[in-house]
Every structure is written in C-alpha cells, then in structure tokens.
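Visitor: Let me begin by handing over the structure; questions about it come next.
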C-alpha cells in the first residue's frame, strides 16, 4: 500500500500535476468520510442491539472493523506521503502503517470469503445446524491471527532510508526473488483464491434459488409466487453485486503491484498515476460494503433510516436505547418470522423451512 518515492523518474510523473493531486485529494476525502461513517454505523447497529448479534452479523461487523482500519491508515497516509514527496512520520510509523494496511486488506478479503461460505451452507443445507457463536468467534480470531502472520514480513521489510537528501519509507528485501515470491503469494492468497471461492459460492446459491423458485408450481398463491420471485431477483442482484464489486475493486491494485514487483520500469513516468487509480478503486470498497447491504436489504435499510436520525439528533429515544422493538437481524440468518399455520397447508415442511434462509442474505 505504501509506494516508493525514490525513483528519479517520479519527478516527471503526471501525479506531480497540481490539478491531478487536487482530484485525488477530493476522491480520497470522500472515500474516507463515507467509508468511516458507513462502517461505524454498521458497528453501532449491531453492537447496540442484542437481537442483531447473530453469526452473520458478527461477520459483517468484522468486515466493517477491517474497513475502518483500512480507512484510518491506507486512505489518508498513502496519498499524503506521495504528494509531500518524502517520509515525515518516523521509523516506527513506517513499519506499523504498512503492517496495519496489509493486515486490514487480508482481514477484509478473508471475511468476505467466510461470509460467502456461511451463506453457501445456509442456503444449500438449510436443515443443517447453524454455526455457533463460539465457532464464529474462533473463526474471526483465526482470520486476524492468520492475517497478522502472513503480512508480518511486509511490515518488517519496510525501512526508512535517505535518497537524494530526503527520507523515504520503502521495502528493503534482502533478496530479489524473495520479494517476487512474496508478491506472487499475496496475489494468490489475497485475491485469486478468495475470488474463486466467493464466485463459486454465490453461483451455487443463485442456482439453488432459481431451482427453489421453479419447484412445485401451483402450491402457492399468485401473491406468494410473485413475492418469492421479487425476493429471488433482489437476492441475485445482491450476489452479483458482491462478486462484481470485489473483483473490480481489488483486481487492478493486485495486478499493478505484482507487475511492478517483476518489472519496475514497465510503467515508467505513469506508475504513480496507475497506482493511485488502482489504489483508490481498492480502498473505495470500504464505502460499498455497508451501503451494499443497506440498500439491497429491506430490513437493514429500515434500521438504517431509524438509527441515523437518532445519531444526528443525539437524542435518548426509546429506539436508540434499544427498547422500542425487537430488531430483525442484519442479513437474516435462520429466524423464521412467520408461524407455520400461516403457510399454505399443502406445502411440505421441508419446503417451508428454507424460505427465510434463502432469500434473506
């Protein structure tokens, strides 16, 4: 995430144009405030309401926490360092900043992968026992430990050096092949494998939803069939959006970093411009995640609209204290909200159970 400023060609880089810098300053400011606000709001909603503290919502909260970490470290410091032209934050921050950025990226990616896997088992195996909260916390702890260990070499290799009379914070690998190996492994573990898993899970989920929607025609009323079709369409749109946003956001930055590790001179005077275009796309994912779930999920959108006025007014209303009503969970899990007697009498019990699971992702 932190880029080197020691290349002499950077003096002629287009990124030194004042108008381009202003555009990127504005872009990063928007990403910082939207990402920070949206993810803090998700954490607040889940933390302040016990009914929201389900397995799925804890995964979403962990994703929000990693995005907050990414907003706090990657968004402001990377452009500041490049535009200032030298490192002014000290040796300790040089190590910690790079380490925190890399860790937050891994946590975010792995959490998205776990969410996809969790949804996969909920939809394709609806009668299977749901994950326990203790198991969920163990997985989250494992994600953080793995992310911190796998990115530790990157944090260690960052060094503050003097180039042309100015301090720079750059990678200092003892051997070039180690740098290339680390870059390739990062590309595989942080993007390729998660992207394959996420795509596979959501393709299978979408296929199963389509099969369920077409099964046993005539056993439901026309109104119920129309409602199910609309739910299926919304769910498919959300699944497609998840995969698409993940790919579009992270693929360019991984390619730029990987190619730069192999061929330093390939981008020439345009490296910083390409990097910031890819980097801004990657960190913009911190904005999309909370709003993706908010605007494509009716129940969370309702909670969002109710909580936001409370925060802005800073009032102590009953809702803000969590006493107004029992909240539906964010990205519903396995709670069945309708009694069995309200379902059509001819509908088999095995067909009733998955309904709330398969459409409320």
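The values are calculated or read from the model by the stated rules, or taken from the named source; none is laboratory data. The model shown is predicted, which means the values in this text are computed figures rather than measured ones. Virtual Cβ from ideal backbone geometry, glycine too; neighbours counted across all protein chains shown.
Visitor: Among (1) modelled with pLDDT of 90 or more; (2) loosely packed, with under 12 Cβ neighbours inside 10 Å, there is one condition residue 165 misses while meeting the rest; what is its number?
Guide: With respect to (1) modelled with pLDDT of 90 or more; (2) loosely packed, with under 12 Cβ neighbours inside 10 Å, residue 165 is out only on (1).
Visitor: Which condition from (1) surrounded by 18 or more Cβ atoms within 10 Å (Cβ to Cβ); (2) at pLDDT below 70 is the one that residue 314 breaks?
Guide: (1)
Visitor: Okay, moving on. Examine the range 50-66 for a residue that is under 22 Å from residue 143 (Cα atoms), without any contact (Cβ under 8 Å) to a residue 24 or more places away in the chain and part of a helix (DSSP H, G or I), and state whether such a residue exists.
Guide: yes
Visitor: Could I ask something else about it? So which residues in the range 168-192 are closer than 19 Å to residue 251 by Cβ and outside any helix (DSSP H, G or I), if there are any at all?
Guide: Selection gives nothing.
Visitor: For the range 15-39: of the residues being within 24 Å of residue 165 (Cβ to Cβ) and either outside any loop (DSSP other than H, G, I, E, B) or within 22 Å of the chain's Cα centre (by Cα) (or both), which is modelled with the lowest pLDDT? Talk me through it step by step, then tell me what you get.
Guide: Let us first name the residues in the range 15-39 that are within 24 Å of residue 165 (Cβ to Cβ), namely 15-18, 21.
Filter once more, so that each one left must be either outside any loop (DSSP other than H, G, I, E, B) or within 22 Å of the chain's Cα centre (by Cα) (or both): 15-16, 18, 21.
Numbers: 15: 69, 16: 73, 18: 83, 21: 83.
Only one residue tops the list, namely 15.
Visitor: When residue 32 is evaluated against the numbered criteria (1) farther than 22 Å from residue 272 by Cβ; (2) touching a residue at least 24 places away in the same chain (Cβ under 8 Å), which criterion, by number, is the only one it fails?
Guide: Every listed condition holds for residue 32 apart from (1).
Visitor: Taking residue 153 as the residue in question, decide whether it is within 23 Å of residue 115 (Cβ to Cβ), in a helix (DSSP H, G or I), touching a helix residue (DSSP H, G or I) at 6+ places or on another chain (Cβ under 8 Å) and modelled with pLDDT of 85 or more.
Guide: no
Visitor: To continue, here is another question. Taking the criterion of being modelled with pLDDT of 90 or more, more than 25 Å from residue 80 (Cβ to Cβ) and surrounded by fewer than 13 Cβ atoms within 10 Å (Cβ to Cβ), would at least one residue in the range 170-178 satisfy it?
Guide: Within the range 170-178 (the criterion being modelled with pLDDT of 90 or more, more than 25 Å from residue 80 (Cβ to Cβ) and surrounded by fewer than 13 Cβ atoms within 10 Å (Cβ to Cβ)), the answer is no, since none of the residues qualifies.
Visitor: Looking at (1) at pLDDT below 75; (2) assigned to a helix (DSSP H, G or I); (3) buried (at least 17 other Cβ atoms within 10 Å of the Cβ), which is the one condition that is false for residue 229?
Guide: It is condition (3) that residue 229 fails.
Visitor: Just the residues that are outside any helix (DSSP H, G or I) and either under 24 Å from the mean Cα position of the chain (by Cα) or at pLDDT 85 or above (or both), please, taken from the range 76-112. Steps first, answer last, please.
Guide: First, the residues of the range 76-112 that are outside any helix (DSSP H, G or I): 85-90.
Hits for the range 76-112 are 87, 88, 89, 90.
Visitor: Residue 160 - would you say it is outside any helix (DSSP H, G or I), modelled with pLDDT of 85 or more, in contact with a strand residue (DSSP E or B) (Cβ under 7 Å, 6 or more places away or on another chain) and buried (at least 20 other Cβ atoms within 10 Å of the Cβ)?
Guide: Working: outside any helix (DSSP H, G or I): yes; modelled with pLDDT of 85 or more: yes; in contact with a strand residue (DSSP E or B) (Cβ under 7 Å, 6 or more places away or on another chain): yes; buried (at least 20 other Cβ atoms within 10 Å of the Cβ): no.
In short, no.
Visitor: If you don't mind, another one. Given the residues 73, 83, 89, which is the only one that is over 26 Å from residue 137 (Cα atoms) and touching a helix residue (DSSP H, G or I) at 6+ places or on another chain (Cβ under 6 Å)? Don't jump to the end; show me each part of the working.
Guide: Numbers: 73 fails: over 26 Å from residue 137 (Cα atoms); 89 fails: touching a helix residue (DSSP H, G or I) at 6+ places or on another chain (Cβ under 6 Å).
Matching residue, one of 73, 83, 89: 83.
Visitor: Scan the range 75-92 for residues that are more than 20 Å from residue 281 (Cβ to Cβ) and touching a residue at least 24 places away in the same chain (Cβ under 8 Å) and report the count. Walk me through it before giving the result.
Guide: The first filter runs over the range 75-92 and keeps only residues more than 20 Å from residue 281 (Cβ to Cβ), leaving 84-92.
Remaining after also requiring touching a residue at least 24 places away in the same chain (Cβ under 8 Å): 85-91.
Adding up the residues that qualify gives 7.
Visitor: Quick one: residue 185 ticks every box in (1) surrounded by 13 or more Cβ atoms within 10 Å (Cβ to Cβ); (2) within 21 Å of residue 74 (Cβ to Cβ) bar one, so which box is it?
Guide: (1)
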